[in-house]
Ligand code: ADP
Ligand code: SF4
């Protein structure tokens with residue numbers, strides 16, 4: 001295939017100080033839940049992106065000193081020379097594929113809790129911890145400031161020793177000491193490091209000069225800076241101090257990597273922002289510097305990328321999430337295969353890895369984080385191990401991914417779906433307000449399956465166990481999904497809620513099927529992820545009076561891990577949905593529900609002509625149980641294996657279903673050597689132990 005000449009501009013090299021990037025694709029620093037805790041997992045994940053064509057691959061925040069300890073969140077580290085080895089692993093992997101390695105040196109200042117090191121957190125001024133901890137940050141003395149400058153310089157030298165090409169001076173996300181000094185609300189000093197903007201920028205400037213002095217002969221020096229905090233006059237703004245700071249330091253770095261702060265604002269989900277949403281804030285930067293500018297905006301469309309370059313908004317297309325969803329995005333554009341890009345859906349499941357202190361996972365890319373552990377490659381997969389035919393029942397995320405990956409391996413595959421449309425839950429859920437991009441989970445897989453001659457796909461085919469036994473397949477994979485419980489059983493209620501068997505009690509499936517709804521509506525959310533609030537929103541937009549009741553203390557409380565909770569709660573309140581938190585529903589009456597405070601049991605009543613229960617899901621495992629009930633019958637039908645995957649095995653996230661579909665495809669005729677431990681573990685070598 002040949003590339004459209006329109007995209008040639010994306011493959012021009014870019015000079016960044018003493019180094020040159022081979023094209024304009026730049027993987028900006030991003031958290032991954034691996035960091036120093038899982039260094040080989042981390043290194044292989046980054047290396048795979050270099051292989052996929054990204055010209056620059058950066059680390060996440062790389063801690064420069066034990067006074068910046070983010071435990072339990074996994075991050076990169078360069079506390080001392082011992083850490084060089086870990087970072088070196090990643091740099092070596094990135095270099096193997098001709099990319100540049102960037103290291104985002106960071107000191108978390110006010111944001112570091114130092115839970116492991118037990119050293120006092122430091123910041124520009126004495127203040128409370130920003131991390132909701134019963135601790136405070138100590139205001140730095142002049143000696144502390146000198147020490148900090150030395151730590152940063154030493155860490156830069158270590159990064160150079162690890163053979164890094166680009167070294168960051170980082171003032172972003174309201175999570176770093178340098179940004180805390182810039183910020184008038186955090187920096188209350190009265191000496192030459194506080195007060196006027198010139199004074200607040202002083203430390204940033206000093207560190208920048210010293211980093212260049214230490215490593216600038218061979219390494220490029222990048223600044224990462226949040227130009228707007230989206231706080232209006234209370235914070236840094238792109239038409240105020242954000243712009244002034246960039247004007248003051250315009251030609252000092254070799255590259256500007258600009259974004260908005262905090263992380264919640266920078267990594268907004270597709271529910272709340274569109275591709276390229278940061279342009280309105282960072283668009284001015286190129287007009288005040290001649291240095292290359294990198295920015296992000298969940299870019300997955302090559303046309304949008306070209307537009308950023310041609311309109312002079314950015315010089316390099318920065319990406320975190322798009323590079324996670326498709327590590328081979330640049331190569332696909334380069335080879336004229338842009339239709340094959342596995343586009344990020346903007347769900348922030350990847351972020352939830354970091355925030356639950358575990359290696360990240362991705363809804364679109366089941367191989368992320370598995371490159372080292374299971375040797376899964378995002379593009380390559382072993383050829384089939386036999387000519388066995390495979391029937392997959394259910395074309396939701398799990399079934400579609402299994403069919404796609406088994407098809408790629410070359411197996412003869414038949415995929416049967418009961419509905420007239422593919423996609424299962426993503427097709428339904430993508431119709432909810434703000435979730436349209438989630439349909440990409442379905443569409444990318446359908447697009448890959450379509451040209452495969454060895455994959456047959458039948459819609460409108462609900463299969464029974466008798467149908468399956470009468471067919472002629474060697475392996476059966478059941479991907480029949482799950483359904484919302486209609487009893488109210490969930491996290492809080494382990495028994496059915498009395499009254500849940502009445503006609504005016506409905507579930508998400510009833511709403512998707514177009515059930516008639518009368519107001520007032522009570523939505524009971526005991527699931528705590530996105531569904532409860534989204535159904536409430538949909539019903540409110542349809543004109544109903546809606547009350548959202550949850551036993552949790554916040555709306556959609558788990559979405560703290562996807563950086564959305566604050567926005568969701570604000571949105572729900574702004575829509576005029578009544579929010580009742582910390583309340584269980586104990587009984588459903590004919591036109592009301594009885595509630596109880598989860599702390600005091602204090603009873604209450606709410607009017608309800610319709611009650612929507614969003615409590616928990618149960619697997620559609622009837623086929624599984626029926627088929628597995630009689631081994632002889634299976635043998636007579638020539639069926640060698642029956643596997644359940646995704647929600648029909650265990651209801652979970654879409655990412656989990658996709659991962660399970662991918663796993664079952666990889667393991668066909670190639671089961672793990674040790675099924676009890678189906679992946680490699682990262683174990684510290686014995687020589688690292690000291691008595
Ligand atoms: P997952 O997330 O695990 O992929 P989904 O619920 O999204 O689960 O998808 C399951 C799919 O299986 C749905 O599209 C559903 O219509 C389909 N399905 C369920 N039972 C059958 C059946 N007996 N025959 C064919 N398709 C089925
Ligand atoms: Fe994009 Fe979601 Fe994957 Fe993150 S998890 S990279 S937001 S698709």
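Considering only region 365-374, I want to know if a residue exists there that is touching a residue at least 60 places away in the same chain (Cβ under 8 Å), within 16 Å of ligand 1 (Cβ to nearest atom) and either over 12 Å from the mean Cα position of the chain (by Cα) or not assigned by TED's automatic domain parsing to the domain that holds residue 21 (or both). Spell out the reasoning first.
Filtering region 365-374 down to residues touching a residue at least 60 places away in the same chain (Cβ under 8 Å) leaves 366-374.
After this cut, where a residue has to be within 16 Å of ligand 1 (Cβ to nearest atom) as well, the list is 366.
Those still in the list that are either over 12 Å from the mean Cα position of the chain (by Cα) or not assigned by TED's automatic domain parsing to the domain that holds residue 21 (or both) too: 366.
Looking through region 365-374, at least one residue is touching a residue at least 60 places away in the same chain (Cβ under 8 Å), within 16 Å of ligand 1 (Cβ to nearest atom) and either over 12 Å from the mean Cα position of the chain (by Cα) or not assigned by TED's automatic domain parsing to the domain that holds residue 21 (or both).
Tell me which of these residue 453 doesn't satisfy, since it passes every other one: (1) within 34 Å of the chain's Cα centre (by Cα); (2) closer than 30 Å to residue 611 by Cβ.
The number of the failed condition is (2).
Tell me whether region 376-385 contains one or more residues that are in contact with a helix residue (DSSP H, G or I) (Cβ under 9 Å, 6 or more places away or on another chain), within 26 Å of residue 650 (Cα to Cα) and either without any contact (Cβ under 8 Å) to a residue 12 or more places away in the chain or within 16 Å of ligand 1 (Cβ to nearest atom) (or both).
For region 376-385, residues in contact with a helix residue (DSSP H, G or I) (Cβ under 9 Å, 6 or more places away or on another chain), within 26 Å of residue 650 (Cα to Cα) and either without any contact (Cβ under 8 Å) to a residue 12 or more places away in the chain or within 16 Å of ligand 1 (Cβ to nearest atom) (or both): absent.
Looking at (1) over 30 Å from residue 568 (Cβ atoms); (2) within 16 Å of ligand 1 (Cβ to nearest atom); (3) touching a strand residue (DSSP E or B) at 6+ places or on another chain (Cβ under 6 Å), which is the only condition residue 411 fails?
(2)
Is region 309-329 home to any residue that is surrounded by fewer than 21 Cβ atoms within 10 Å (Cβ to Cβ) and not in a loop (DSSP other than H, G, I, E, B)? Reasoning before the result, please.
Going through region 309-329, the residues surrounded by fewer than 21 Cβ atoms within 10 Å (Cβ to Cβ) turn out to be 309-313.
When the remaining residues are screened for being not in a loop (DSSP other than H, G, I, E, B), the result is 309-310.
Scanning region 309-329 turns up at least one residue that is surrounded by fewer than 21 Cβ atoms within 10 Å (Cβ to Cβ) and not in a loop (DSSP other than H, G, I, E, B).
Filter region 236-253 down to the residues that are assigned to a loop (DSSP other than H, G, I, E, B) and more than 19 Å from residue 296 (Cβ to Cβ) and list them by number.
If we filter region 236-253 for residues that are assigned to a loop (DSSP other than H, G, I, E, B), which is where we start, we get 236-240, 250-253.
Passing the criteria: 239, 240, 250, 251, 252.
Which of the residues belonging to region 415-426 are surrounded by fewer than 20 Cβ atoms within 10 Å (Cβ to Cβ) and in contact with a helix residue (DSSP H, G or I) (Cβ under 9 Å, 6 or more places away or on another chain)?
Taking region 415-426 first, the residues surrounded by fewer than 20 Cβ atoms within 10 Å (Cβ to Cβ) are 418-421.
Hits for region 415-426 are 419, 421.
May I ask you to list the residues in region 122-161 that are in a loop (DSSP other than H, G, I, E, B), under 28 Å from the mean Cα position of the chain (by Cα) and surrounded by 14 or more Cβ atoms within 10 Å (Cβ to Cβ)?
Across region 122-161, the qualifying residues are 129, 130, 131.
Determine whether residue 322 is within 16 Å of residue 347 (Cβ to Cβ) and either outside the structural domain of residue 41 (by TED's automatic domain parsing) or touching a helix residue (DSSP H, G or I) at 6+ places or on another chain (Cβ under 9 Å) (or both).
Numbers: within 16 Å of residue 347 (Cβ to Cβ): yes; either outside the structural domain of residue 41 (by TED's automatic domain parsing) or touching a helix residue (DSSP H, G or I) at 6+ places or on another chain (Cβ under 9 Å) (or both): yes.
Criteria met by residue 322.
Considering every residue within region 91-99, establish whether at least one is buried (at least 24 other Cβ atoms within 10 Å of the Cβ), at pLDDT 95 or above and out of contact with any strand residue (DSSP E or B) (no Cβ under 6 Å at 6 or more places or on another chain). Steps first, answer last, please.
So the first thing to find is which residues in region 91-99 are buried (at least 24 other Cβ atoms within 10 Å of the Cβ), and the list is 91, 93-94, 99.
From what is left, the residues that are at pLDDT 95 or above are 91, 93-94, 99.
Filter once more, so that each one left must be out of contact with any strand residue (DSSP E or B) (no Cβ under 6 Å at 6 or more places or on another chain): 93.
Yes, region 91-99 has at least one match.
Any residue at all in region 415-425 that is in contact with a strand residue (DSSP E or B) (Cβ under 8 Å, 6 or more places away or on another chain), closer than 30 Å to residue 535 by Cα and part of a loop (DSSP other than H, G, I, E, B)?
The answer is yes, given that some residue of region 415-425 is in contact with a strand residue (DSSP E or B) (Cβ under 8 Å, 6 or more places away or on another chain), closer than 30 Å to residue 535 by Cα and part of a loop (DSSP other than H, G, I, E, B).
Take the residues in region 1-51 that are part of a loop (DSSP other than H, G, I, E, B) and under 19 Å from the mean Cα position of the chain (by Cα), then tell me which one is surrounded by the fewest Cβ atoms within 10 Å (Cβ to Cβ).
My answer is 38.
So for region 78-90 (the condition being in the same structural domain as residue 259 (by TED's automatic domain parsing), surrounded by 20 or more Cβ atoms within 10 Å (Cβ to Cβ), over 24 Å from residue 19 (Cβ atoms) and over 23 Å from the mean Cα position of the chain (by Cα)), does at least one residue qualify?
Among the residues of region 78-90, at least one is in the same structural domain as residue 259 (by TED's automatic domain parsing), surrounded by 20 or more Cβ atoms within 10 Å (Cβ to Cβ), over 24 Å from residue 19 (Cβ atoms) and over 23 Å from the mean Cα position of the chain (by Cα), which makes the answer yes.
Would you say residue 274 is assigned by TED's automatic domain parsing to the domain that holds residue 309, buried (at least 24 other Cβ atoms within 10 Å of the Cβ) and either more than 16 Å from ligand 1 (Cβ to nearest atom) or in a loop (DSSP other than H, G, I, E, B) (or both)? Write out each step before concluding.
Details: assigned by TED's automatic domain parsing to the domain that holds residue 309: yes; buried (at least 24 other Cβ atoms within 10 Å of the Cβ): no; either more than 16 Å from ligand 1 (Cβ to nearest atom) or in a loop (DSSP other than H, G, I, E, B) (or both): yes.
No, not satisfied.
Cβ contacts < 6 Å: first residue on the phi > 0 side of the Ramachandran plot, restricted to region 394-419; second residue more than 6 Å from ligand 1 (Cβ to nearest atom) and not in a strand (DSSP E or B), any location; separation 6+ or different chain. Result?
Sorted first by the residue in region 394-419, then by its partner, the pairs are 410/383; 410/384.
Can you name the helices (runs of 4 or more DSSP H) wholly within region 605-691 that have at least 3 residues being more than 30 Å from residue 591 (Cα to Cα), in the same structural domain as residue 397 (by TED's automatic domain parsing) and within 16 Å of ligand 1 (Cβ to nearest atom)? Break it down into steps so the answer makes sense when it comes.
Values: elements: 622-628, 631-636, 654-667.
Of the helices (runs of 4 or more DSSP H) lying wholly inside region 605-691, those with at least 3 residues that are more than 30 Å from residue 591 (Cα to Cα), in the same structural domain as residue 397 (by TED's automatic domain parsing) and within 16 Å of ligand 1 (Cβ to nearest atom) span 622-628, 654-667.
Out of all the residues in region 105-148, which are out of contact with any helix residue (DSSP H, G or I) (no Cβ under 6 Å at 6 or more places or on another chain), under 22 Å from residue 84 (Cα atoms) and in contact (Cβ under 8 Å) with a residue 12 or more places away in the chain?
Answer for region 105-148, where residues must be out of contact with any helix residue (DSSP H, G or I) (no Cβ under 6 Å at 6 or more places or on another chain), under 22 Å from residue 84 (Cα atoms) and in contact (Cβ under 8 Å) with a residue 12 or more places away in the chain: 106, 108, 112, 114, 116, 117, 148.
Which residue out of 218, 186 is more than 26 Å from residue 27 (Cα to Cα), touching a residue at least 60 places away in the same chain (Cβ under 8 Å) and either assigned by TED's automatic domain parsing to the domain that holds residue 112 or touching a strand residue (DSSP E or B) at 6+ places or on another chain (Cβ under 9 Å) (or both)? Steps first, please.
On the way: 218 fails: more than 26 Å from residue 27 (Cα to Cα).
Only one candidate qualifies: 186.
For residue 364, only one of the following conditions fails: (1) within 15 Å of ligand 2 (Cβ to nearest atom); (2) closer than 23 Å to residue 76 by Cα; (3) touching a helix residue (DSSP H, G or I) at 6+ places or on another chain (Cβ under 6 Å). What is its number?
Here residue 364 meets the rest and fails (2).
Being within 21 Å of the chain's Cα centre (by Cα) and part of a loop (DSSP other than H, G, I, E, B) is the filter; apply it to region 432-450 and report the residue that is nearest to ligand 2 (Cβ to nearest atom).
Of the residues in region 432-450, the ones within 21 Å of the chain's Cα centre (by Cα) are 432-445.
Checking which are part of a loop (DSSP other than H, G, I, E, B) leaves us with 432-435.
Working: 432: 16, 433: 18, 434: 14, 435: 12 Å.
Ranking the qualifying residues of region 432-450, first place goes to 435.
Among the residues of region 301-331, write down those that are under 16 Å from residue 8 (Cβ atoms) and away from ligand 2 (no atom under 16 Å from the Cβ).
Matches in region 301-331: 302, 303, 305, 306, 307, 308, 309, 310, 315, 316, 331.
So residue 335 clears everything in (1) more than 21 Å from residue 228 (Cα to Cα); (2) crowded, with 21+ Cβ neighbours inside 10 Å; (3) more than 16 Å from ligand 2 (Cβ to nearest atom) except one condition, right? Which one?
(2)
Within region 338-361, restricting attention to residues that are closer than 20 Å to residue 39 by Cβ and within 8 Å of ligand 2 (Cβ to nearest atom), which residue is surrounded by the fewest Cβ atoms within 10 Å (Cβ to Cβ)?
Per the stated criteria, the residue is 361.
Output yes when any residue across region 277-294 is assigned to a strand (DSSP E or B), in contact (Cβ under 8 Å) with a residue 12 or more places away in the chain, touching a strand residue (DSSP E or B) at 6+ places or on another chain (Cβ under 7 Å) and within 15 Å of ligand 2 (Cβ to nearest atom), and no when none is.
Our first condition is that a residue be assigned to a strand (DSSP E or B); within region 277-294, this holds for 293-294.
Next, from what is left, pick out any that are in contact (Cβ under 8 Å) with a residue 12 or more places away in the chain: 293-294.
Going one step further and asking which of them are touching a strand residue (DSSP E or B) at 6+ places or on another chain (Cβ under 7 Å), we end up with 293-294.
Okay, now just the ones that are also within 15 Å of ligand 2 (Cβ to nearest atom), so none.
Within region 277-294, not a single residue is assigned to a strand (DSSP E or B), in contact (Cβ under 8 Å) with a residue 12 or more places away in the chain, touching a strand residue (DSSP E or B) at 6+ places or on another chain (Cβ under 7 Å) and within 15 Å of ligand 2 (Cβ to nearest atom).
The values are calculated or read from the model by the stated rules, or taken from the named source; none is laboratory data. A quick note: this is a predicted structure, and the numbers were derived from the prediction, not measured. When we count neighbours, we look across all protein chains shown, and the Cβ atoms used for this are built from the backbone with ideal geometry, even at glycine.
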